[in-house]
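The values are calculated or read from the model by the stated rules, or taken from the named source; none is laboratory data. Just so you know, these numbers come straight off a predicted model, no measurement behind them. We place every Cβ from the backbone using ideal geometry, glycine too, and count neighbours over all the protein chains shown.
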Amino acid sequence: MVLTPQRRGMSVKAAASTSPAGTGLPIDLRGKKAFIAGVADDQGFGWAIAKQLAEAGAEISLGVWVPALNIFESNYRRGKFDENRKLANGGLMEFAHIYPMDAVFDSPADVPEDIASNKRYAGNKGWTVSETADKVAADVGKIDILVHSLANGPEVQKPLLETSRRGYLAALSASSYSLISMVQRFGPLMNPGGAVVSLTYNASNLVIPGYGGGMSTAKAALESDTRVLAYEAGRKYHVRVNTISAGPLGSRAAKAIGFIDDMIRYSYENAPIQKELSAYEVGAAAAFLCSPLASAVTGHVMFVDNGLNTMGLALDSKTLDRSE
Ligand SMILES: NC(=O)c1ccc[n+]([C@@H]2O[C@H](COP(=O)([O-])OP(=O)(O)OC[C@H]3O[C@@H](n4cnc5c(N)ncnc54)[C@H](O)[C@@H]3O)[C@@H](O)[C@H]2O)c1
């Protein structure tokens, strides 16, 4: 039996949208302030999230990995990103502040001498996570949205069986603990009702040969930590913590892993929705998760992958070929 609103005991009027005619159900982030870590060009998820948050009216500040900052700022100044900065209202996305940041170091005492004196770092000051949070507190004040869109695994191309302890721990430090560190330091700056979003990958649950070096473990840790942080930061700061499990995208980081074009083709051939994933689709999902529309959503791993995670059979597998 189909349950019409009347059968469920609801009035038809109550079942209809409560929005005034013509206003729809907008994601309105005007007046909200976002800090996004993990943008160094206009090709990755961090940029796309920034763009969608800006479309919704949020003010955006960035944390850019220290070694990538110079090239990012010079490309930005030279207008290399202008095409992708265009907003629907005709303006260009602006960044309120751009900070150097390295999410592997929590405070100056953690920085080893070889990094401190490295010429890519030495020209910048105050880029550990706690110092960056202090700068954001001084310049921006309270924030509403915290985005973690970064990962790094120096041995990502090595199978787990060949991964060193050092490489494994480096992957976890850069790709998982960095979220904990950011929530520790930025949590106190967040307004109640705020939201934290990170990016994960389904190699946490399923074996994806080629995604090595402990990166699969790092994503599993990130997802588990999302649930625990959702509880702890939910109680302590009244913020929500979610992660988006994204499908394959040909970002700079993904190209460095080496098989991203195969993964994009694989997804196209095998996912329920046959199209290439756009980073902006992930940006839109992040904007939803950061908005009051998702006020009861926390501790959640949200797949934005054209549905690839649901498939248990590779439709393009040679073993399914019955033609002979
Ligand atoms: N591209 C994909 O197919 C894919 C799929 C699922 C999840 N993800 C995840 O999305 C997130 C963003 O990656 P992306 O693919 O958009 O690539 P990207 O290259 O645009 O982003 C990665 C960013 O991490 C930054 N970074 C690296 N080490 C850092 C550090 N120590 N401190 C601060 N920043 C650091 C880099 O500078 C870069 O800006 C990552 O968590 C990644 O694992 C990517």
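If a residue has to be farther than 16 Å from residue 253 by Cβ and outside any loop (DSSP other than H, G, I, E, B) to count, how many in the range 18-49 make the cut?
The total comes to 3.
When residue 320 is evaluated against the numbered criteria (1) among the aliphatic types (A, V, I, L, M); (2) within 16 Å of the ligand (Cβ to nearest atom); (3) without any contact (Cβ under 8 Å) to a residue 24 or more places away in the chain, which criterion, by number, is the only one it fails?
Against the list (1) among the aliphatic types (A, V, I, L, M); (2) within 16 Å of the ligand (Cβ to nearest atom); (3) without any contact (Cβ under 8 Å) to a residue 24 or more places away in the chain, residue 320 comes up short only on (2).
For the range 204-225, does any single residue satisfy the condition of being near the ligand (Cβ under 8 Å from one of its atoms) and part of a loop (DSSP other than H, G, I, E, B)?
No: zero hits.
Among what's in the range 51-85 and is within 13 Å of the ligand (Cβ to nearest atom) and of a type in the set (Val, Ile, Thr), pick the residue that is surrounded by the fewest Cβ atoms within 10 Å (Cβ to Cβ).
Ranking the qualifying residues of the range 51-85, first place goes to 71.
Could you check the range 31-50 and list, in sequence order, the residues that are away from the ligand (no atom under 15 Å from the Cβ) and in contact with a strand residue (DSSP E or B) (Cβ under 8 Å, 6 or more places away or on another chain)?
Here is the first cut: in the range 31-50, the ones away from the ligand (no atom under 15 Å from the Cβ) are 31-34.
Matches in the range 31-50: 32, 33, 34.
Would the range 145-154 turn up any residue that is away from the ligand (no atom under 14 Å from the Cβ), modelled with pLDDT of 95 or more and crowded, with 23+ Cβ neighbours inside 10 Å?
Taking every residue of the range 145-154 in turn, at least one turns out to be away from the ligand (no atom under 14 Å from the Cβ), modelled with pLDDT of 95 or more and crowded, with 23+ Cβ neighbours inside 10 Å.
When you look at residue 134, is it surrounded by 18 or more Cβ atoms within 10 Å (Cβ to Cβ), more than 16 Å from the ligand (Cβ to nearest atom) and not in a loop (DSSP other than H, G, I, E, B), yes or no?
Judged against the criteria, residue 134 is not a match.
Return the residues of the range 297-324 that are in a loop (DSSP other than H, G, I, E, B) and under 23 Å from the mean Cα position of the chain (by Cα); say none if nothing qualifies.
Once the filter is applied, which keeps residues that are in a loop (DSSP other than H, G, I, E, B) and under 23 Å from the mean Cα position of the chain (by Cα), the range 297-324 yields 297, 298, 299, 300, 305, 306, 307.
With the condition kept exactly as written, say whether any residue in the range 246-259 is farther than 25 Å from residue 216 by Cβ and assigned to a loop (DSSP other than H, G, I, E, B).
no
Would you mind telling me which numbered condition in (1) farther than 27 Å from residue 71 by Cα; (2) buried (at least 22 other Cβ atoms within 10 Å of the Cβ); (3) out of contact with any His (no Cβ under 8 Å at 6 or more places or on another chain) residue 223 fails?
Checking residue 223 against (1) farther than 27 Å from residue 71 by Cα; (2) buried (at least 22 other Cβ atoms within 10 Å of the Cβ); (3) out of contact with any His (no Cβ under 8 Å at 6 or more places or on another chain), the one that fails is (2).
Scan (1) of a type in the set (A, V, I, L, M, F, W, C); (2) within 14 Å of the ligand (Cβ to nearest atom); (3) at pLDDT 95 or above for the single condition residue 257 breaks and write down its number.
In the conditions (1) of a type in the set (A, V, I, L, M, F, W, C); (2) within 14 Å of the ligand (Cβ to nearest atom); (3) at pLDDT 95 or above, residue 257 misses (3) alone.
Looking at 241, 228 in this structure, which one is of a type outside the set (Phe, Trp, Tyr), more than 12 Å from the ligand (Cβ to nearest atom) and either assigned to a loop (DSSP other than H, G, I, E, B) or touching a Gly at 6+ places or on another chain (Cβ under 7 Å) (or both)? Outline the logic, then answer.
Values: 228 fails: either assigned to a loop (DSSP other than H, G, I, E, B) or touching a Gly at 6+ places or on another chain (Cβ under 7 Å) (or both).
From the options 241, 228, the qualifying one is 241.
Name the residues in the range 172-203 that are within 11 Å of the ligand (Cβ to nearest atom), in a helix (DSSP H, G or I) and within 15 Å of residue 153 (Cβ to Cβ), would you?
173, 174, 175, 176, 177, 178, 179, 203
Would you point out the residue of the range 274-296, among those that are assigned to a loop (DSSP other than H, G, I, E, B) and away from the ligand (no atom under 16 Å from the Cβ), that is surrounded by the most Cβ atoms within 10 Å (Cβ to Cβ)?
By that ranking, first place goes to 291.
Got at least one residue in the range 111-121 being under 23 Å from the mean Cα position of the chain (by Cα) and within 15 Å of the ligand (Cβ to nearest atom)?
No.
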